[in-house]
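Following: one structure in structure tokens, then a few remarks.
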2 protein chains.
Amino acid sequence: STRTSPNSPPPVIHYYLNNLTTSDDPIGNREKVLVLTPVARFYDEYWQNLLKLNYPRDLIELGFIVPKTREGNAALAKLDDAVRRVQTGSKKNRFSGVTIIRQDFDTPVPQNEKERHARPAQKERRGAMSRARNSLLYTTLGTETAWVLWLDADIIETPHTLIQDLASHDKAVIVPNCYQRYTEKGKEKVRPYDFNSWHDSETALAMAEKMGPDEIILEGYHEMATYRSLMAYERTEGDPHHLTELDGVGGTALLVKAEVHRDGAMFPPFPFYNLIETEGFAKMARRLGHQPYGLPNYLVYHYNE
Amino acid sequence: STRTSPNSPPPVIHYYLNNLTTSDDPIGNREKVLVLTPVARFYDEYWQNLLKLNYPRDLIELGFIVPKTREGNAALAKLDDAVRRVQTGSKKNRFSGVTIIRQDFDTPVPQNEKERHARPAQKERRGAMSRARNSLLYTTLGTETAWVLWLDADIIETPHTLIQDLASHDKAVIVPNCYQRYTEKGKEKVRPYDFNSWHDSETALAMAEKMGPDEIILEGYHEMATYRSLMAYERTEGDPHHLTELDGVGGTALLVKAEVHRDGAMFPPFPFYNLIETEGFAKMARRLGHQPYGLPNYLVYHYNE
Ligand SMILES: Nc1nc2c(ncn2[C@@H]2O[C@H](COP(=O)(O)OP(=O)(O)O)[C@@H](O)[C@H]2O)c(=O)[nH]1
Ligand SMILES: Nc1nc2c(ncn2[C@@H]2O[C@H](COP(=O)(O)OP(=O)(O)O)[C@@H](O)[C@H]2O)c(=O)[nH]1
Ligand SMILES: [Mn+2]
Ligand SMILES: [Mn+2]
């Protein structure tokens, strides 16, 4: 830790949890945001988008966790370069802190989209992702963190006001709609990408009822129809600030009040009410009394491999 | 956060989880220990015992969380004094860091021993204690923490080698036996105090089977006989390093590898497999593949009100 330099007296930090605001005016109240990103691949578009967020940099800390695979090594080298450029540049453009964590456990499954979305691999893969998210979160969450923004390394386009837009609703957990751009017959189109933000259904709850405690329900597999309503399909051209209550959330972009994580809401690496990772997190937040919300008409975009 | 002073460049911390050892020789390997204490009352005997631990101070960070009650104010004043004395004294005697957190939610129940142990109060009280423990943990756990020692503010006597003794077993979660000294007819005696360290029973598992998800099983109440074997009663004059596998653990003194908490094992404030707080933590650790152990013959002592 850099907290104690050899010549200064060791600090006594006094920290008053109730002096920490999370409000609908986070910039006005100088609320600190921790942006957390698990990184298997480094995309320059992700980094450029991050740099364009217009939340004050001195209120942003960044945290990354990188797997110890060959792909991870390559991502780390690029990430390191990018971080160094910003943090050694003009002082007013620097982030208030950057932590890069190297994962100490293996990722079980290959990284191309088709293979990693194959159903049998999901429990193990999302369990490992949960451990990575928890390690990153609980190593970097500090005494002054007000908000945690989860932002996947393949989210390459968001409004530049992402943080303050999400925070403006003053919700404990809030998630935008994650889409993907693609081209069809020379035409630029968008389609839903992340199916983990949903409203529960009687069918899914009945499925869980019949499952053993170690089984998980997954969204988006034909052989396991849950009849949940997916936020992915609720998008209209209407008000981007239209809110909807959610039972499951995705983590590609996700704003969480730090107190929710401090209370103990984490990403369960094991089936929790037959849910795992970000969907299990939403359930845990609900168990702790924090209702998650979604913004169906507010879009962020996932990389197209 | 004190990490960034205004005149130094903002830090980039690189942190390699797999370079962090937790071993049976924590002093030899310079492993950092975070000692965490929820504090409703300040006992000088607790502080004197803490000061006598002979683990190197430059490897120890302390973290406290104090409720915002009148009793908490009094405890905070005393704690502040005690901390200031050590941290402004001779450099070689200072702890490497101290964080004091003021709780931002109320404690529901009065603090005398009889009332706080009354069964109806337990779920709410231990739920609040869980939130306090999680907030403390997840605000102070740092990039370099190797071990977390939970030590209640009313543990007033332990061997001075407590940390290295517990660590020497190199277990993910390990708990000593928590007793209490008392006097009977002028004779000094000891008796078991903490009943939360136990081996599960068929009866308790069957009880849980029949319960709703919001109910909890509590230990030590006649009207709810669990037939679990309690470590409290397994103590002999034999080898203090005799180990036993446990299903539930108490938290009066408890050593945990930081990776277990980083993986996401926390103190469930809600019923988790019908268990709560430290007992729920043990279950969560097991779900994450970490077996808890106890040392029935290794004693620490709780204050006698
Ligand atoms: N640290 C870490 N990050 C990973 C790992 N696998 C994927 N990621 C990152 O975690 C996020 C989500 O993973 P991704 O494979 O994109 O999931 P998908 O888009 O839901 O299929 C992305 O930011 C990835 O770069 C891993 O094993 N370790
Ligand atoms: N922060 C905080 N600490 C508490 C609260 N209530 C008790 N404590 C502390 O938590 C630990 C366990 O509580 P205690 O009342 O001793 O539990 P018992 O010995 O199991 O009956 C002790 O260190 C207390 O000082 C609370 O509401 N907030
Ligand atoms: Mn992705
Ligand atoms: Mn006590």
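Read the figures in this text as sums done on the coordinates, not as results from a lab. Keep in mind it's a predicted model, so treat the numbers as computed, not measured. Cβ: placed from backbone, ideal geometry, glycine included. Neighbour counts: every protein chain shown.
General remarks:
- For the pair residue A:41 and residue B:14, a Förster radius of 22 Å applied to the C-beta separation gives a FRET efficiency near 0.70, rounded to the nearest 0.05.
- Sorted ascending by nearby beta carbons within 10 Å, beginning with the fewest, A:245, B:144 become A:245, B:144.
- From phi via Karplus (6.51, -1.76, 1.60), per-residue ³J(HN,Hα) for segment A:173-180 in Hz, x at Gly/Pro: 9, 9, 10, x, 8, 9, 10, 9
- Sorting A:27, A:174 by the number of Cβ atoms found within 10 Å of their own Cβ, with the fewest placed first, yields A:27, A:174.
- Amide hydrogen proximity for residue A:254: with H placed 1.01 Å from N in the peptide plane, the residues at 5 or more positions away or on another chain lying under 5 Å are A:150.
- Axis angle, to the nearest 10 degrees, between helix B:70-87 and the longest C-alpha principal axis of chain B: 40 degrees.
- Compactness check for chain A: Cα Rg over 2.2 N^0.38 Å is 0.99.
- Spatial separation of Cα centroids for segment A:15-86 and segment A:244-305, in angstrom: 19
- A Gaussian network model of chain A, with springs between Cα atoms under 10 Å, assigns the largest mean-square fluctuation among A:221, A:293, A:233 to A:221.
- Cα lying deepest toward the dipole's positive end in chain B, options B:150, B:86, B:121, charges on Cβ: B:86
- Across chain A, C-alpha contacts under 8 Å between residues 6 or more apart give a mean separation that, scaled by the residue count, equals a relative contact order of 22 percent.
- Seen from residue A:105, the other residues with C-beta closer than 13 Å to its C-beta sum to a net charge of +1, counting Lys and Arg as +1 and Asp and Glu as -1.
- Among B:249, B:190, B:173, residue whose mean-square fluctuation peaks in a GNM of chain B (springs only between Cα atoms under 10 Å): B:190
- The separation of segment A:218-235 from segment A:135-211, counted between C-alpha centres, amounts to 15 Å.
- Dipole magnitude (debye, nearest 20) for the protein assembly as shown, charges at Cβ of Lys, Arg, Asp, Glu: 1660
- GNM flexibility winner over chain B from B:128, B:74, B:282 (Cα, springs under 10 Å): B:74
- At q = 0.10, 0.12, 0.20 Å⁻¹ the log10 of I(q)/I(0) for segment B:74-190 amounts to -0.46, -0.68, -1.50, computed by Debye summation with a single uniform scatterer per C-alpha, solvent ignored.
- Taking a sphere under 13 Å around the Cβ of residue A:176 and counting the other residues whose Cβ falls inside, with K and R at +1 and D and E at -1, yields a net charge of -3.
- The protein assembly as shown: C-alpha pair distances exceeding 38 Å, %: 31
- Phi to ³J(HN,Hα) by Karplus 6.51 cos²θ - 1.76 cosθ + 1.60 over segment A:231-237, Hz, x for Gly, Pro: 4, 3, 9, 9, 6, 10, 7
- Per-residue ellipticity at 222 nm from helix content only, as computed over the protein assembly as shown with -39500 (n - 2.57) for each DSSP H run of at least four residues, stands at -8500 deg cm²/dmol.
- Estimated inter-spin distance, residue B:239 and residue A:222, nm [label 7 Å along Cα→Cβ]: 6.0
- Extending 7 Å from Cα along the Cβ direction at residue B:105 and again at residue A:160 yields two label points whose distance is 3.9 nm.
- Principal-axis tilt of helix A:119-140 within chain A, Cα atoms, nearest 10 degrees: 20
- Electrostatic dipole magnitude of chain B [Cβ: Lys, Arg +1; Asp, Glu -1; Cα centre; debye, to 20]: 960
- Prolate/oblate/rounded label for segment A:246-305 (Cα gyration tensor, a/c 1.5): prolate
- Förster radius 51 Å - calculated FRET efficiency between residue B:69 and residue B:25, Cβ distance, rounded to 0.05: 0.75
- Segment A:78-174: relative contact order as a whole-number percent, Cα under 8 Å and 6+ apart: 15
- Selection from B:271, A:240, A:29, by position along the positive dipole direction of the protein assembly as shown (Cβ): A:29
- Derived scalar couplings between HN and Hα for segment B:100-105 equal 10, 10, 9, 5, 10, 9 Hz in order, rounded to whole Hz, by the Karplus curve 6.51 cos²θ - 1.76 cosθ + 1.60 (θ = phi - 60°), x for Gly and Pro.
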